[in-house]
Amino acid sequence: MATATAPAAGLDSLQEQQPGQQGQAAKEEQKQQQQPTGKKQRARARQVAAELRNGRPALWWKDRPSYRCPACGQYCYRVPAFETHILRCCPDVALPDEWRSLVGDAEAQQAAQQGAAGPAVGQAVGQADEQAAQQQQQAAAGGSGGRGSDGEQEQGPPAWQLHPADAAIREWLKVVERREEEQRAKALDVAFRQRGPDGEPLKQGPPEIAAALGLPPERAAALLAAAKRAVPLAADTDHPVEVLYEDDDLIAVNKPPFVITAPKHRYIGGSMVNRIIGTMGFEPLTLHRLDMNTTGVVLFAKKKDIVDRVHAQFRRKTVRKQYLALAVGVPQQQHFTVDAPIDRDPEDVVARRVLPDGKPALTEFSVVESAAGADLASQGSPASRSDAALAAALQAGGLSLVSCRPLTGRTHQIRVHLAHAGHAILGDDIYGVTGPWIGRHALHAAAITITHPRTGEPLTVRSPVPPDFLQAMAQLGLQHVPGAEFSPAAGEEGSAAPADAAAERAAGVEAGEQEATAAPVASSP
């Protein structure tokens, strides 16, 4: 029995319990044993962290002398190890002959001094090295400073013994750093600034850099990567930024058409990030993206610690986004949902299609306003990837302002789903119909709602309908009632969390919102 090995007092207490109490205790014990392993591990991790906070040893190695490689940034604590690394990593700037000369001269000078001073000095140096090693072991075992369990003062941090060439190495590394900067400048010039006989820029990479600078291919690739990372993001000062919302953690801006969200390269501007840098003086952190021709609200982070919190909301699909689109025709239902998987179009490198084996995609639509008499067929031209459903909608005529709520984040999702429903977007040069009304696809990110990562309160940011959007509506006889697109019927309920059955179903779908880190990735509809 489980009580056979229990202490006597424990047996007495168990015998005094009533049967109901014994059953309750057994249930509690069984519940604890059945606790998920993940919870147990997290609880143990919290316990270990608390123990470390209460008695954390001093970081005795923190002030240990080290040497940093100018090419890759790696640190080494021992001169022999640093020699092995730097002569293998970047011998084109860390010249081997120079290294061997300065280290050899320093070691020879130290040996001469020790020989002239006699064996007594050498013995003293050996004792000092042994004492430093003992101090290092004591610091590693029990920390430094304070008093031990017996009340005696513990040893302080070890007295690190510098290499005889330490000062010379550090001065030499300054020269190597300047050489590395020159090599990076040459790599950027070969890769991006050289032109061919016709005056056009040459697209060159590590092979051309290796040939031009006489470097191994691996070194040329690493040199180019380091050079690009060292280039600050371009600042666009000629384009003002319309700020929709700003606090200490977040900034939301109104993206105009024909502007990308984040730069394709660090040295090329033209994005909203570059405009914020140029006009507001700081580098924003991208949280999500819009297509180049899509207008509307874009949210950026101002502090790194909130980026993961916002990205987690995108993954959990608690971010509520609302778009406005001008759709061809008049849908038969005022509210409808398109649940159709999306994948790459096998016949077009840019386009997407509804395919059975595609990624799950779900979008809710609500018709805000319609103009049944709008004539698109007389002046419109179907796009390259349009289908028979669009042709039928053009012949029937009409135009509708549709509120769109994507519950997943596939590329071109809203555009593909509206085309799949037979109501492609006006101005869409891939899936819809183009004409003189608007020079881009008529899609606008009207609102976004998140839970503020710092305060925990719901935050909704809205963007006004752009002028070219309104002009197209007026040309085709569609009257715009300001604020109608934000009515509850249009899908905006003021909550950041999914509240209906469709949203709950989408929460089980693979996360589709493509978040932004360092590398730009096209993502939003």
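Yes/no matrix, rows are residues, columns are (1) at pLDDT 95 or above; (2) of a type in the set (Val, Ile, Thr); (3) in contact with a helix residue (DSSP H, G or I) (Cβ under 7 Å, 6 or more places away or on another chain):
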| position | (1), (2), (3) |
| --- | --- |
| LEU224 | no, no, yes |
| LYS228 | no, no, no |
| ALA252 | yes, no, no |
| ARG266 | no, no, yes |
| ARG275 | yes, no, no |
Quick check: anything in region 412-432 within 24 Å of MET292 (Cα to Cα), among the polar types (S, T, N, Q) and surrounded by fewer than 22 Cβ atoms within 10 Å (Cβ to Cβ)?
-> no
Among the residues of region 321-336, is there at least one that is in contact with a Ser or Thr (Cβ under 6 Å, 6 or more places away or on another chain), open to solvent by less than 40 Å² (accessible area, probe 1.4 Å) and among the basic types (Lys, Arg)?
-> no
Look through region 226-270, keep the residues that are in contact (Cβ under 8 Å) with a residue 60 or more places away in the chain and either in contact with an Asp or Glu (Cβ under 6 Å, 6 or more places away or on another chain) or under 28 Å from ALA71 (Cα atoms) (or both), and return whichever of them is surrounded by the fewest Cβ atoms within 10 Å (Cβ to Cβ).
-> LYS264
In region 90-111, residues that are without any contact (Cβ under 8 Å) to a residue 24 or more places away in the chain and under 44 Å from the mean Cα position of the chain (by Cα) total 5
Take region 389-430 and flag every residue that is in a strand (DSSP E or B) and of a type in the set (A, V, I, L, M, F, W, C).
-> LEU399, LEU401, VAL402, CYS404, ILE425, LEU426
Within region 277-306, track down each residue that is in a loop (DSSP other than H, G, I, E, B), in contact (Cβ under 8 Å) with a residue 60 or more places away in the chain and of a type outside the set (D, E, K, R).
-> LEU287, HIS288, LEU290, ASN293, THR294
Determine the pairs where a residue that is among the charged types (D, E, K, R), located within region 455-482, has a partner that is open to solvent by less than 20 Å² (accessible area, probe 1.4 Å) with Cβ atoms under 6 Å apart, the partner being 6 or more residues away or on another chain.
-> ARG462/ALA447; ASP468/ILE438
Going by the structure shown, is LEU52 hydrophobic (A, V, I, L, M, F, W, C), modelled with pLDDT under 90 and farther than 14 Å from ASP166 by Cβ?
-> yes
Restricting the search to region 337-358, which residues are open to solvent by 20 Å² or more (accessible area, probe 1.4 Å) and either in contact with a helix residue (DSSP H, G or I) (Cβ under 7 Å, 6 or more places away or on another chain) or of a type in the set (Lys, Arg) (or both)?
-> THR337, ARG344, ARG352, ARG353, VAL354
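The values are calculated or read from the model by the stated rules, or taken from the named source; none is laboratory data. Just so we're clear, the structure is a prediction, and the values are computed from it rather than from any experiment. Ideal geometry is used to build each Cβ from the backbone, glycine not excepted, and the neighbour counts take in all protein chains shown. Just the protein is used for accessible areas: all its heavy atoms, side chains included, with ligands, DNA and RNA removed. Shrake-Rupley method; radii C 1.70, N 1.55, O 1.52, S 1.80 Å.
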